[in-house]
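Below is one structure. I have some questions about it.
The values are calculated or read from the model by the stated rules, or taken from the named source; none is laboratory data. No experiment lies behind these values; they were computed from the predicted model shown. When we count neighbours, we look across all protein chains shown, and the Cβ atoms used for this are built from the backbone with ideal geometry, even at glycine. All accessible areas refer to the heavy atoms of the entire protein, side chains included, with ligands and DNA or RNA removed. Shrake-Rupley method; radii C 1.70, N 1.55, O 1.52, S 1.80 Å.
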Amino acid sequence: MAEAPLAAAPTQESPWPVSVLATKIKEYIDRLGTAWVEGELTQWNVRGGNVYGKLKDLTHDVTISINIWSSVASRLDAGFKQGDRVIAAVKPDYWVKGGSLSMVVFDLRHVGLGDLLERLERLKRQLASEGLFEASRKKPLPFLPHLIGLVTGKDSDAEKDVKRNAQLRWPNVRFRTVYAAVQGDRSAAEVTAAIRELDADPEVDVIIVARGGGDFQNLLPFSDETLVRTAAAASTPIVSAIGHENDRPLLDEVADLRASTPTDAAKRVVPDVAEQQLIVQQARTRIQSRITHRIAIEVDRIAQLRSRPALASTDWIVASRAEEVTRYAARGAELASRTVERAEGTLRELAARLRTLSPQSTLDRGYAIVQAGGHVVKSADAAPDGTPLVITLAAGALDAVSAGTHDRP
């Protein structure tokens, strides 16, 4: 289609014809190159050798239409169908007449298992290097959870297995269930949102993510990086019960506990009431046995003590010690007598010495003590003429008056 050159941009007074706008759009889109994209085939229709389909993003709700002309479709090696995960070399194509945009596919390939495994291995190494798989960061499960958070598919066998086996083990167990797609392109986002919702509930003590197994492709959402990091960051203990032994998703590695099946998860999260009652009964039996044994030992020990001579007959102590007491008593009396005698002799000696030194002995020999004014007169000058005197004799005392002094005869 030929286009007349336009002097100016279109305006309300001078608009472009639709064909001009469509042509310009096509020219702009034709300049875009080819791009490789990855997604899931959600539609695959073959008509007249041409293929018309749709390719959906693996993690977001975004879909594009694709066209594969017969010349390209004939060169594709593998068969393709709806649900396949593929990578495609596409180039945008604008159909001027119909005004529609589609992506023309020049090459289409299945995403190889080796490619997926390589991506998962790289992610696994990265998460491991960050310490998300370390046993030291795994949280212990509560002994008896009051409320269990369950993330699973609605009306799924996994939900029934978890709840039935948990209630068989502990009839009063309670669940808060958040339903999510457990396979397909919506699975990773919905399971991630469910974990966040349950982790934010303070009443939830443990979270079980349950699915009844599946092939490698179906389990890929449980290796999604966002989901795995959300589980690792949760403050509530998480149990992964995906139910697959051979292909373990990365959720198993970061979960605080991995259960082989949903049934196994119920058994490991909820204690068995009958088993616990048996444990309590066995503990009571052991305690009773030990107490009874201890009492028997103490009774036997008391009986042995009572059978000893010291407790069997108390008078043996007096009988065995009577002679010793008598001997000690006689010796005590003898020692006391000797002590008294020695003390009497000492007392007599002291008494004789005291009498010798006593003024009374001097008075008994005819001497007297003269006092004037309460003081002993030792000099004649101390008792001048007319001084009242008291003269103490060996027997009695005399009052006298000094008649003056004279020389000693």
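Hey, what angle do you get for helix 187-199 against the long axis of the chain, alpha-carbon based, 0 to 90 degrees rounded to 10?
Taking Cα atoms only, the helix is inclined about 20 degrees.
Shifting gears a bit: Using only Cα atoms, what is the ratio of the radius of gyration of segment 103-191 to 2.2 N^0.38 Å?
Rg over 2.2 N^0.38 Å, computed on Cα atoms: 1.60.
By how many degrees, between 0 and 90 and to the nearest 10, does the Cα long axis of helix 113-129 differ from the longest principal axis of the chain?
20
Using packing as a proxy for protection, rank 135-145, 202-212 so that the peptide with the highest average count of other Cβ atoms within 10 Å comes first.
202-212, 135-145
Can you list the trypsin sites (Lys or Arg not before Pro) in segment 23-98 that are in a DSSP coil and have 13 or fewer other beta carbons within 10 angstrom?
Answer by residue number: ARG31, ARG75, LYS81, LYS97.
Within 15 Å, Cβ to Cβ, of VAL239, how many net charges do the neighbouring residues add up to if Lys/Arg are +1 and Asp/Glu are -1?
+2
Sort 40-46, 377-383 for me by packing, meaning the mean count of neighbouring Cβ atoms within 10 Å per residue, highest on top.
40-46, 377-383
Return one quarter of the surface area of the convex hull spanned by the alpha-carbon atoms of the chain, equal to its mean projected area, in nm².
The directionally averaged projection comes out at 69.9 nm².
A follow-up question, please. Add +1 for every Lys or Arg and -1 for every Asp or Glu among the other residues with Cβ under 10 Å from the Cβ of VAL104, and state the total.
Here the charged neighbours net out to 0.
Which of the peptides 177-187, 248-258 is most tightly packed, and how do the rest follow, going by the mean number of other Cβ atoms within 10 Å of each residue?
Descending packing order for the listed peptides: 248-258, 177-187.
Between GLY83, GLY386, GLY131, where does the largest GNM mean-square fluctuation fall for the chain, given springs only between Cα atoms within less than 10 Å?
It is GLY386.
What angle do you read, to the nearest 10 degrees and between 0 and 90, between the alpha-carbon axis of helix 315-357 and the longest principal axis of the chain?
50
Residues of the chain: accessible area per residue at 1.4 Å, in Å²?
64
When Lys and Arg each count +1 and Asp and Glu each count -1, what net charge do the other residues less than 9 Å away from PRO262, Cβ to Cβ, add up to?
Once all neighbours under 9 Å are counted, the net charge is -2.
What part of the accessible area of the chain, given as a whole %, is carbon or sulfur when the probe is 1.4 angstrom?
Answer for the chain is 55 percent, counting heavy atoms of protein chains only.
Would you calculate, for the chain, the mean residue ellipticity at 222 nm contributed by helices, counting each DSSP H stretch of 4 or more residues as -39,500 (n - 2.57) and dividing by all residues, to the nearest 500?
-13500 deg cm²/dmol
With θ set to phi - 60° and the Karplus curve 6.51 cos²θ - 1.76 cosθ + 1.60, what are the ³J(HN,Hα) couplings of segment 83-96 in order, to the nearest whole Hz, using x for Gly and Pro?
Those phi angles translate into x, 6, 9, 9, 10, 9, 8, 10, 9, x, 9, 9, 8, 5 Hz.
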